[in-house]
1. Does the stretch 472-487 contain at least one residue that is basic (Lys, Arg), buried (at least 24 other Cβ atoms within 10 Å of the Cβ), in contact (Cβ under 8 Å) with a residue 60 or more places away in the chain and within 12 Å of ligand 1 (Cβ to nearest atom)?
2. Given the conditions (1) farther than 30 Å from ASP465 by Cα; (2) among the small types (Gly, Ala, Ser); (3) under 21 Å from the mean Cα position of the chain (by Cα), report the number of the one that ALA367 does not fulfil.
3. If we keep just the residues of the stretch 429-453 that are surrounded by fewer than 21 Cβ atoms within 10 Å (Cβ to Cβ), touching a residue at least 40 places away in the same chain (Cβ under 8 Å) and closer than 14 Å to HIS114 by Cβ, which is farthest from ligand 2 (Cβ to nearest atom)?
4. Does ARG444 satisfy the condition of being among the basic types (Lys, Arg), under 22 Å from the mean Cα position of the chain (by Cα) and either more than 9 Å from ligand 1 (Cβ to nearest atom) or more than 17 Å from ASN390 (Cβ to Cβ) (or both)?
5. Look at LEU89 and say whether it is away from ligand 1 (no atom under 12 Å from the Cβ), within 27 Å of PRO212 (Cα to Cα) and in contact with a helix residue (DSSP H, G or I) (Cβ under 6 Å, 6 or more places away or on another chain).
6. May I ask you to verify whether VAL227 is within 16 Å of the chain's Cα centre (by Cα) and assigned to a loop (DSSP other than H, G, I, E, B)?
Amino acid sequence: MTDTPKLSANEGIKERSRYLRGTIGEGLRRSETGSLVADDTQLTKFHGIYQQDDRDLRPERRRKKMEPAYSFMARVRIPGGVLTSAQWLVMDRIASDFANGSIRLTTRQAIQFHGIIKTNLARSIATINEALLDTLAACGDVNRNVMSAANPFESPAHAEAWKLAGRIAGHLAPRTRAYHEIWIDGEKVHDGASEATIEDDEEPIYGRTYLPRKFKIVVAVPPVNDVDLYAHDLGFAAVVEGGRVVGYNVTVGGGMGMTHGEPTTYPRLADGLGFCTPEQAVDVAEKVVTVQRDFGDRADRKQARLKYTIDRRGLDWFRTEVEARLGYRLGEARPLAFERTGDRFGWTKGADGLWHLCLYIANGRVAGEMRTGLRRLAESHDGGFVLTPNQNLIVTRVSGGRKRLVETLLREHGLLGELTGLRRNAMACVALPSCGLALAESERYLPDLVTELEAAIERAGLAGDEIVVRMTGCPNGCARPYLAEIGFVGRSPGVYDIFLGAAFDGSRPNRLYKAKVPQAEIAGLLGPIIEAYGRERRAGERFGDFVIRTGVIPAPTGAPAEYHEPVAA
Ligand code: SRM
Ligand code: SF4
């Protein structure tokens, strides 16, 4: 008898999957349903594909005794978010040929397509591959898209950070050939008969059952914390001397997700692990991943992220284990400071002498007129684009002579305009109607809530002031709401928990201010606090700091209870 806890169902699915094949190939050929079988829907995640159904249509289809309106979301993995104009045009084409007409920029420098029906799925993925991009490992229990500080053309340090993101992404990519068999060489879909062929597949880093849970890595270039370093399983913060990266401070154990009413689940900011040289960074990433592979909880998926492994075993134990695998000690972390999170909008001049224009894209949703504008731009602009870690878009490498032309085109299509500092720093997750886990609206609601809050912002004379506001439709934290100065987390339809007090530079989380607030009451609750901020703030004081100094909330410490127990009744 052993008291080893029973492995979670997903572990069995992975183990039996023959390196992520399952029966996906057969499922794609079955025409009597728009869905795949349940086990395969877990495996497609490793291929960057989620089965979803339109939740707006659920009641009607249930009434009509029809199966749910199944379709698929495909997430394109783009390390550091760098795209050529030609690649943008392919993404644009996929949006109308196969998806719901929109391109969705994510909070992790990737692109999502929603609404792809099963019969279009393989062609969508093959088209993405033709553009030299892929969806492999964009989701699933593996290392996901690696983010790096936007944008690589800004400085040599940014370029190095981007290259590191690419090297890590390549090194930690799954090696299984299942992805190519299923999506690219569709006609040769593996029949599963030949064990020997499959055994040729090896996953030297992951093994047959991959990781216990998703894993996320970022590379930051201080003083800008656009990647939200502390929200991630593993972070590298560039230490720059004389304009060059001399190494990286390594952070581990960040994560945002939690479950309402379950205090053993909580957001957690990453801890410092040490310092490594640029040459050591990929090896450090591999060893951190393998420690989590071997010690992460494979019984309870709610306890399976690296943050819980570290809290269970301790940071010192974790460092010792990583260093034993590296065969050397990590250095002392160097002093470094961040000044801000979020994106810097408008024009900046890069080290390349060219200009880069950061555009605000509301919740990352590129559709309609906006999409037309960006298509027209991509057709005439060969400098490319960079997706930011905050759902926005940078038009890169514009010559000084073309700046006016680019601006005119973007203005014509509503892509440039005056916005309050609150709106420019607003970010919402997808939520309804596609996200199966959403408890409340997010992307479709936040813009209206910001409009309501803007009344108080105008009264307080804060139109130009940046305040970080983020919303998610459930506590999983996809828009990193626990690092917002004002965070909204969906509880049930039309009802939100309000979190206040994160640091503008992303180094301190917020805490639960008030739970279960009906949406009609939010502006009434926050308006007076915003107005008091306008009147009483000290020079340079940020909103997140103000609510602590004036006693609206006690200073957040990151203790798990602070995400579950509200300050205000
Ligand atoms: Fe997320 C699950 C969307 C960034 C934490 N996330 C989901 C799913 C796939 C829902 C599902 O499992 O069925 C959502 C798909 C919605 C849809 O219809 O498109 C979804 N997550 C997103 C995106 C698209 C939000 C956005 O509006 O941009 C982001 C895609 C990122 C990417 O390109 O890779 C996205 N998700 C995040 C982040 C932010 C980040 O990584 O910086 C987090 C918090 C950080 C973290 O991981 O701790 C995040 N997503 C989650 C979680 C909770 C994970 C946890 O261990 O606590 C889930 C649920 C789960 O994994 O069980 C989840
Ligand atoms: Fe869905 Fe929740 Fe993520 Fe929003 S935070 S996309 S509702 S899983």
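The values are calculated or read from the model by the stated rules, or taken from the named source; none is laboratory data. If you're wondering where the values come from, they're calculated on a predicted model, not measured in any experiment. Don't worry about glycine lacking a Cβ; one is built from the backbone with ideal geometry, like all the others, and counts go over all protein chains shown.
1. Step one: filter the stretch 472-487 for residues basic (Lys, Arg), giving 480.
Filter once more, keeping what is buried (at least 24 other Cβ atoms within 10 Å of the Cβ): 480.
From what is left, the residues that are in contact (Cβ under 8 Å) with a residue 60 or more places away in the chain are 480.
When the remaining residues are screened for being within 12 Å of ligand 1 (Cβ to nearest atom), the result is 480.
Yes; the residues of the stretch 472-487 include at least one that is basic (Lys, Arg), buried (at least 24 other Cβ atoms within 10 Å of the Cβ), in contact (Cβ under 8 Å) with a residue 60 or more places away in the chain and within 12 Å of ligand 1 (Cβ to nearest atom).
2. Condition not satisfied by ALA367: (1).
3. Among those that are surrounded by fewer than 21 Cβ atoms within 10 Å (Cβ to Cβ), touching a residue at least 40 places away in the same chain (Cβ under 8 Å) and closer than 14 Å to HIS114 by Cβ, it is PRO433.
4. For ARG444, the condition - among the basic types (Lys, Arg), under 22 Å from the mean Cα position of the chain (by Cα) and either more than 9 Å from ligand 1 (Cβ to nearest atom) or more than 17 Å from ASN390 (Cβ to Cβ) (or both) - is met.
5. no
6. yes
Table: residues versus (1) touching a helix residue (DSSP H, G or I) at 6+ places or on another chain (Cβ under 7 Å); (2) more than 30 Å from THR106 (Cα to Cα).
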| site | (1), (2) |
| --- | --- |
| ALA299 | no, no |
| ARG305 | no, no |
| TYR308 | no, no |
| ARG319 | no, yes |
| ARG325 | yes, yes |
| LEU330 | yes, yes |
| PRO335 | no, yes |
| GLY342 | no, no |
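This table checks each residue for (1) in contact with a Leu (Cβ under 9 Å, 6 or more places away or on another chain); (2) at pLDDT below 95.
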{"residue": "GLY101", "(1), (2)": "no, no"}
{"residue": "THR106", "(1), (2)": "yes, no"}
{"residue": "LYS118", "(1), (2)": "yes, no"}
{"residue": "LEU121", "(1), (2)": "yes, no"}
{"residue": "ALA161", "(1), (2)": "no, no"}
{"residue": "ASP191", "(1), (2)": "no, yes"}
{"residue": "SER194", "(1), (2)": "no, yes"}
